[in-house]
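Trainee: Okay, here's the structure, questions in a sec.
The values are calculated or read from the model by the stated rules, or taken from the named source; none is laboratory data. Just so you know, these numbers come straight off a predicted model, no measurement behind them. Please note: Cβ atoms are built from the backbone with ideal geometry, for glycine as well, and neighbour counts cover all protein chains shown. Only protein heavy atoms, including side chains, enter the accessible area calculation; ligands, DNA and RNA are left aside. Shrake-Rupley method; radii C 1.70, N 1.55, O 1.52, S 1.80 Å.
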Amino acid sequence: MATENSGRPRFPTRPTTSPFAAPSQAMSPFSSSGLVVGSDPSSFRPTPPATSQSTMPFSSSGPVVGSGTPSFRPMPPARFSDPSVPAPPATNTPLTVGPFQRFPTPQIPTAGQAPSRAPPLGQLPIRPSAGQVTAPPNSFYPQPQRPFVPMGSPQQGATPATSSLNASQSFSDSSFPVARPNFQLPFPGYASKQSSAEPQAPPIQSSFLTNQGNYAHALPAPSSPFVAHQGGYVPPPPVAAPLPGVLSRDQMQQPGSGPPIGSSIQGLAEDFCSLSLGARTGSLDIGIDSKELPRPLDDHVGPKSLAEMYPMNCNPRYLRFTTNAIPSSQSLVSRWHLPLGAVVCPLAEAPSGEEVAIVNFSPSSVIRCRRCRAYVNPYVTFTDSGRKFRCNICALLNDVPSEYYSQLDATGRRIDLDQRPELTKGTVEFVAPAEYMVRPPMPPVYFFLIDVSISAVRSGMIEVVAQTIRSCLDELPGFPRTQIGFATFDSTIHFYNMKPQMMVVSDLEDIFVPLPDDLLVNLSESRSVVETFLESLPSMFQDNVNLESAFGPALKAAFMLMSQLGGKLLIFQNTLPSLGVGRLNKWPLNFRKYQISVNVYAFSDKYTDIASLGTLAKYTAGQVYYYPRFQLATHAEKLRHELRRDLTRETAWEAVLRIRCGKGVRFTSYHGNFMLRSTDLLALPAVDCDKSFAMQLSLEETLLTTPTMYFQAALLYTASCGERRIRVHTAAAPVVAELGEMYRQADIGAIVSLFSRLAIEKTLAYKLEEARNSVQQRIVKALREYRTLYAVQHRLMGKMIYPESLKFLPLYGLALCRSTPLRGGYSDAPLDERCAAGYTMMTLPITRLLKLLYPSLNRLDEYLLKASTQTADLKNVGKRLPLTAESLDSRGLYIYDDGFRFVIWFGRVLSPDIAMKILGADFAAELSKVTLCEHDNEMSRKLMGLLKKFRESDPSYYQLCQLVRQGEQPREGFLLLANLVEDQMGGNSSYVDWMLQIQRQVQQS
């Protein structure tokens, strides 16, 4: 809050309430909660003298005045880098300014305090073309209530203009319908047509205006220091006298601390990212140079780290927050229009070279707070000579048990601190005593329910499943306690008691289990019998011609078998259920109650009702694997790899997950595959390292007074070895009173993860277009709020302002809207494929989700031609390329990798020698019928080694390799071109158009 200063003009404060009320929580999971309330204004800096203006603002609304020429023209379609196609004229190329030019500006420090630093900003200024001066009509100048605020040093005696932009604004999701262009770029070789399933919006009315001859005179050239300079440094303007009330970054990170004493007052420079917007030479079209748009090409988007401030936090791979700065008030929450919450992956694989420490307090119990039940962690403090400890979660003073007592040294640290990993590490695992067990630990149980109808037999699925299970018997967790069982079904249900003997039950109305005690056997005792059965299983039904599927009764029989022990049920389903009870709504609850987790493997070239089958996995912490149009020759390796990982990865059984947080905040909603047992307890019959869970955070109190907020995620589970354990992850985050600090500490990965789950859940009750609109509107609101936050401090007309931490947010928002669960209309993707993708995205850890949304595209031919005797190394492959057709050269070989599949694209004029070495005799054949395999030459071995490295970098899923040649339609379209998220395809916006839409809506008042 600025203090009184008679020598300076007074600025208006932010209104205490917003004129717009946020929608209620009941509307949709995307609605902002509570009223939008203005907080204390950030300290305003005096404004520098105005510079002459040659840029022009975006129009707020209404048609373009002054010419009959439309204000927006579609961008020309993206073209491949084909040397046979001449380049476009130089006069039509967009203006280019070096990507992300950075310009220093002065920081106005506060007298007697350390200089402050605003969060990094990104700007999208509108720039005219060379030699062309654009001037907007009078009607497009800023209105009196939104005066222009110039940049630079203040003039002596000048009175800064006030701005109404300080008022926080909130709009409902429906206030800004997404404008979609009415032009389409079809797949090459296909006619353009509109989808009949979804009405098209009217053409976009661009808010980027050009001079069309209806203005009296042109303004002089800009003299602002923020004009792009090619490779030159522009010294900042003189720093003006400091303003009172400005806090430094250190003070914002350490609430309650005063300004540093005796520190020198220096001006700090802010970092700006600038993207060039302007008219094309000789054209009235306005656009953005696509080369300057932000993209995550260097590496995956890593988490924001608090290691310097809180070095004892758990690794971010276990727990990440959408922002590492917790808001101190409800008003800040109402102005934070992005999801506020966390993403937890409790069993994530430990970083390379590290292991989770196991702590055993036996014979005593685990050390916990007696009030909030938080576990002892590095942030508890010991007092009274080590006899008491203060809980960091609820601040209660607890007695230290005598067997845990240790003296304190002169600094207040326990003398045995180095021998106590629970007091030095953010992630530990406690061995749970008997009071943490409802029943003795059960052995790991694997039960396989396999469809053996005629379609399943013909697909070859049964053979692959039997071979894979047999090869994994030695690696199943829990040896020698592991139990295993099998049942098959078509129009009847077949049980196997491992004598081996088959027992058939044909009464589907009153299903029963024959000899229930013999159908689950100990694997170590019956190993030879199980192997014999798996060898003979494919031949048992090779002549089966039964078309029916009694899936419902088979599911009931499996439940009756497993209800005593629980475990993991693996369903292999190929045919839509046709006999017996088919309602599945009650089974998820029963499975969860008896600690049964369900994994569904679906194979079919017809409708399989993944929407219903997926509920079995969703509410039992399971997983859905979908193999459409399964063929033995094509999909066998993918099924083999993913089933093997499912069977052999370390699994936590009979687990429950709870996240505790400090006083004043709580988690209100949870998203992922689980059953909510109570308000904050997630029931997980089985969980592994490939599962993550997201949750939203809310404030219970109007104002938080603590400087730090602590969080603790605790997973109580049974290990495969039979030991009951508690894995605990503890993290701390600062509590801040500045919205700008929340933006600075934003974690784009966690935000996108929560965004995707909320959007997918919204499709269950709303139209797909409404789910996409809600994503776009929350991005618009967040950027508008950030713009409002710095409206007085910076010259914003014609510029898009965003924090450095969220520079990829618009791109990931576009990718999410074009992902399989949300894209197009209901006819644009098969329903089973859409539902399977939605179930998968609801459980993906952050890094895999980001790769799925924005896959990698790399050029391979240059790498393959390099003479090298070294083994394949991902670092030697060329850098990632933007996902646009302009990145594809007709002379090249490219690989597209989204974590679930490879698409290898052969350019039309790729060297025949390269194609022959990679494909062998099939180099000229239709690539849809070619399977990539290793040939006897160095280039082929190098390529196969590289693909192996790609797969080993993330073994969760197996990337099936698909080959496509340029111009091979329609395969090239749906395999690659439709997944280039930066290009316009069908009714989808391109990245450039998406940015223009967001910019126009952000500037609307």
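Trainee: Just how large is the dipole of region 859-969 about the Cα centre, in debye to the nearest 20, putting +1 at every Lys and Arg Cβ and -1 at every Asp and Glu Cβ?
Mentor: 180 debye
Trainee: Same structure again: Using a simple spin-label model with points 7 Å from Cα along the Cα→Cβ vector, what separation in nm is obtained for S305 and N585?
Mentor: 5.1 nm
Trainee: For E741, E650, give me the order by solvent-accessible area with a 1.4 Å probe, most accessible first, ignoring ligands, DNA and RNA.
Mentor: Details: E741 5, E650 110 Å².
Output order, biggest surface exposure first: E650, E741.
Trainee: Let me ask something additional. Compare D298, D922, D889 by solvent-accessible area with a 1.4 Å probe and give them largest first, with all protein chains kept in place.
Mentor: Working: D298 145, D922 75, D889 15 Å².
Listed by decreasing accessible area, they come as D298, D922, D889.
Trainee: Need the list of lysines near K799 for cross-linking: C-alpha distance under 27 angstrom, and skip anything on the same chain fewer than eight residues off.
Mentor: Partners within reach: K291, K304, K781, K807.
Trainee: Tell me, what is the 1.4 Å probe accessible area of M442, in Å² to the nearest 10?
Mentor: Roll a 1.4 Å probe over it and M442 shows about 40 Å².
Trainee: To make sure I understand the rule: partners must be lysines, Cα under 25 Å from the Cα of K388, and not fewer than 8 residues away in the same chain. Which ones qualify?
Mentor: Output for K388: K425, K663.
Trainee: So what is the accessible area of region 693-775 per residue, in Å², with the probe set to 1.4 Å?
Mentor: On the way: 2160 Å² over 83 residues.
Accessible surface, normalised per residue, equals 26 Å².
Trainee: I've got another one for you. Leaving out ligands and nucleic acids, and using a 1.4 Å probe, what accessible area per residue does region 303-418 come to in Å²? Could the numbers behind the result be given before it?
Mentor: Working: 5220 Å² over 116 residues.
For region 303-418, the solvent-accessible area averages 45 Å² per residue.
Trainee: Percent of Cα-Cα pairs per 10 Å bin, from 0 to the last occupied bin, for region 428-539, please list those.
Mentor: Result, from short to long distances: 12, 38, 30, 13, 6, 0 percent.
Trainee: What is the percent carbon and sulfur in the accessible area of region 578-624, measuring with a 1.4 Å probe over the protein chains and ignoring ligands? Each step should come with its number before you reach the end.
Mentor: On the way: 960 of 1870 Å².
Using a 1.4 Å probe with all protein chains present, region 578-624 comes out at 52 percent carbon and sulfur.
Trainee: Turning to a different aspect of this structure: Give me the percent of the accessible area of region 909-956 that comes from carbon and sulfur atoms, probe 1.4 Å, all protein chains in place.
Mentor: Of the solvent-accessible surface of region 909-956, carbon and sulfur hold 52 percent.
Trainee: Computing the accessible area with a 1.4 Å probe over protein heavy atoms, can you report the carbon and sulfur percentage for region 495-563?
Mentor: Details: 1590 of 3330 Å².
The C+S portion of the solvent-accessible surface of region 495-563 is 48 percent.
Trainee: Within straight cross-link reach of K556, meaning Cα distance under 24 Å, which lysines are found once same-chain residues fewer than 8 apart are removed?
Mentor: List returned: K499, K568, K586, K593, K618.
Trainee: Could you sort D517, D451 by their accessible area in this structure, using a 1.4 Å probe and putting the largest first? Before the final figure, lay out each step's value.
Mentor: Values: D517 135, D451 0 Å².
Ranked from most to least accessible, the order is D517, D451.
Trainee: Still on this model: Using a 1.4 angstrom probe, figure out how much accessible area region 451-509 has per residue, in square angstrom, rounded to the nearest whole. Mind showing how you got there, number by number?
Mentor: Numbers: 2210 Å² over 59 residues.
Result: 37 Å² of accessible area for each residue.
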